[in-house]
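Structure record follows, encoded as structure tokens.
Derivation of every value follows stated rules applied to the coordinates shown; laboratory data play no part. Keep in mind that this is a model prediction, so the values were computed, not measured. Using ideal geometry, Cβ is built from the backbone for each residue, glycine included, and neighbour counts are taken over all protein chains shown.
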Amino acid sequence: MFKNKQKDAMKKIKDELAGAIDEDEFEQAYLFATEKKHDNLTITFNPDCPTKRFRKNLNQFIIFESAEKECMCHKK
């Protein structure tokens with residue numbers, strides 16, 4: 001997702017994500033990931049680890065404390 005200034009479009013996106021993604025985490029990730037002109041947010045709906053759900057510009061993970069507690073990267 002890239003920055004979208006249309007409130008109706010953002011509401012529809014949030015409605016579509018409801019139930020699959022925590023709305024507060026989505027909002028925080030979206031604002032962080034799209035803060036600069038060409039930045040974007042990528043969402044993985046079924047990640048191997050909860051810490052890999054949100055990415056900024058495909059190369060930077062956005063990790064929330066709740067996801068970090070459930071991290072499975074080193075639990076094998």
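Brief remarks follow.
- Cα-based helix-to-principal-axis angle, 23-33 vs the chain, degrees rounded to 10: 80
- Within the same chain, lysines fewer than 8 places from Lys36 are excluded, and of the rest, those with a Cα less than 16 Å from its Cα are Lys3, Lys5, Lys56.
- Tensor-based shape of the range 7-69 (alpha-carbon gyration tensor, a/c under 1.5 rounded, otherwise prolate or oblate): oblate
- Nitroxide proxy distance, nm - points 7 Å out along Cα→Cβ at Lys5 and Phe32: 2.5
- Between Glu68 and Lys14, residue separation times 0.36 nm minus the direct Cα-Cα distance comes to 17.1 nm.
- Rel. contact order, % - alpha carbon contacts under 8 angstrom, at least six apart, the range 7-69: 22
- Neighbourhood net charge (13 Å Cβ-Cβ; Lys/Arg +1, Asp/Glu -1) for Asp24: -4
- Charge sum, other residues only, whose C-beta stays under 10 Å from Asp39's C-beta, Lys/Arg counted +1 and Asp/Glu -1: +3
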